[in-house]
Amino acid sequence: YTVRGNALMPTLMAGDRVLVNRWSYGLRVGDGKYFNYGRLWHQDVQRGDIVAFESPTDRQVLLCRCKALPGETVSVDGQQVKVPSRNDCDDTDYYWLETINPQNPVDSRLLGCIPEHLIIGRAFTIAYSHDPKAQPWRGWRPQRIFMPL
């Protein structure tokens, strides 16, 4: 996936091409509409993981860091928000995913808690990086090639 903004600077920069392990939390099966959602060989998302997920509003793929796990409470602008868990929300766990950039965040501060079925996988390395503002033959960032996350 291509990083489009600097919301996770300095870890991820605009122009980074990130590899995501779709099996890191288990193989997603079912879509929730026609077949029950589930994961084969389920693994839990860990706090601090950089997670690729589908936006609940427009299905765009976003990258955010996991800040809170199901059942935990987070503070947002002085208000307490409880992250739902399987016990209080059907059969789906929810996660609080945030970017570092507080200006115009497209993360849980805007979208709310993210259900597990929208999580694609864990970003694990930057395959290569190119400054999107540079000319195609310039702007390559060789120090970021295969940089682990």
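The values are calculated or read from the model by the stated rules, or taken from the named source; none is laboratory data. This is a predicted model, so every value here is computed, not measured. Note: ideal-geometry Cβ built from the backbone for every residue, glycine included; neighbour counts use all protein chains shown. Calculation scope for accessible area: heavy atoms of the full protein, side chains included, ligands and nucleic acids excluded. Shrake-Rupley method; radii C 1.70, N 1.55, O 1.52, S 1.80 Å.
Can you list the HN-Hα couplings for region 47-62, worked out from phi with the Karplus curve (6.51, -1.76, 1.60; θ = phi - 60°), rounded to whole Hz and with x for Gly and Pro?
4, x, 5, 8, 10, 8, 8, 8, 4, x, 8, 9, 6, 5, 7, 10
Rounded to whole Å, give me the distance from the Cα center of region 1-76 to that of region 104-134.
Using only Cα atoms to place each centre, the spacing works out to 7 Å.
Can you give the local net charge around T92? Use residues other than it whose beta-carbon is closer than 9 angstrom to its beta-carbon, Lys and Arg +1, Asp and Glu -1.
-3
Which of the chymotrypsin sites (Phe, Trp or Tyr not before Pro) found in region 57-149 are in a DSSP loop and have at most 11 neighbouring Cβ atoms, other than their own, within 10 Å?
Passing both the DSSP loop test and the Cβ count: W137, F146.
Arranged from highest to lowest average of other beta-carbon atoms within 10 Å per residue, in what order do the peptides 79-88, 21-30 appear?
My ranking of the peptides, most packed first, is 21-30, 79-88.
Rank P10, V51, W96 by how far each Cα sits towards the positive end of the charge dipole of the chain (+1 on Lys, Arg Cβ; -1 on Asp, Glu Cβ) and give me just the farthest.
The one lying farthest along the dipole's positive direction is P10.
Let me know the charge dipole size of the chain about its Cα centre in debye, to the nearest 20, where only the beta-carbon of Lys, Arg (+1) and Asp, Glu (-1) is charged.
Roughly 660 debye, rounded to the nearest 20.
Residues of the chain: accessible area per residue at 1.4 Å, in Å²?
60
Out of these labelled values of Cα extents along the principal axes in Å, (1) 52, 38, 25; (2) 57, 49, 30; (3) 36, 32, 28, which was calculated from the coordinates shown here?
Answer label, from the structure shown: (1).
Count neighbours as other Cβ atoms within 10 Å of each site's Cβ, and list the GluC sites (Glu not before Pro) in region 67-149 that are DSSP loop with at most 16 such neighbours.
Of the GluC sites (Glu not before Pro), the ones in loops of region 67-149 whose Cβ has at most 16 other Cβ atoms within 10 Å are E72.
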